[in-house]
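The values are calculated or read from the model by the stated rules, or taken from the named source; none is laboratory data. Fair warning: this is a prediction, and the values are worked out from it, not measured in the lab. For neighbour counting, all protein chains shown are included, and Cβ atoms are generated from backbone atoms with ideal geometry for every residue, glycine included. For accessibility, only protein heavy atoms count, side chains too; no ligands or nucleic acids. Shrake-Rupley method; radii C 1.70, N 1.55, O 1.52, S 1.80 Å.
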Amino acid sequence: MKTKLFQTLTILLFVNAIVAQNYTQPKNDTKERFYENAKKAGITETKTEELLKIIDDRNKVLKDLDTKKKQADAPYSIQDPGTLYNFKINNARTYYAKKISNLLTYKEYAEFTVEDYKKEANENAKIEFEQLINNNTSLTEKQKKNLYLFLYSYHLNQFLTTAYYSFDKTQQKPKLGILRFNFEKEFKKLGKEYNIKVYESSGQNTNGFEWN
């Protein structure tokens, strides 16, 4: 079931990846944008209001802890006075990240937040894409487009998975492992189909993938 969910999400985000090359900076965080994202993600009104309350509570707690951290003063203490508050802040972030993930499904979370990660995913994919096409000059325009979208989709999924499971590394690590495994498996097929070479002159694989 979990594997099927990731496969479904990958297909969904692969479609969204088409807009990557026409990426525009997302609008500022506003209440209007919040409700737009909730509607786009298909989140019910009840869950939307509950989500808004969690975010509001989190922001108040973090603001209070940050204020106390800045006010902390211990001129004769061997320990940095901010250490305790860093611990409390990280715990608060984890606590509220878990509440949000418990409230929203992975699909809802991804559709709600996807705009926040498109720029970073595009930048990561572009680096790998340019390296590959420079070493594979015989690729057609259609192949280049498919290759870029494939890389972009992977990085977008990676960002979203990392964020959704940020409250628990023991859950996050295997989820990222599944994405990586499926990516390498599918890219190996794509590499054979397009005859993609990914080795540098040193003979070392550029990304550690066994694509050929």
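Structure above, values below:
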quantity	calculated
Given (1) touching a residue at least 40 places away in the same chain (Cβ under 8 Å); (2) under 27 Å from Arg33 (Cα atoms), index of the condition Leu147 fails	(2)
Test: residue in the stretch 147-165 that is in a loop (DSSP other than H, G, I, E, B), modelled with pLDDT of 95 or more, at negative phi and open to solvent by less than 50 Å² (accessible area, probe 1.4 Å)	yes
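Conditions tested, residue by residue: (1) farther than 30 Å from Glu49 by Cβ; (2) basic (Lys, Arg); (3) open to solvent by 60 Å² or more (accessible area, probe 1.4 Å).
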site	(1), (2), (3)
Lys69	yes, yes, yes
Pro75	yes, no, yes
Leu84	yes, no, yes
Lys88	no, yes, yes
Arg93	no, yes, yes
Lys98	no, yes, yes
Leu104	no, no, no
Thr113	no, no, no
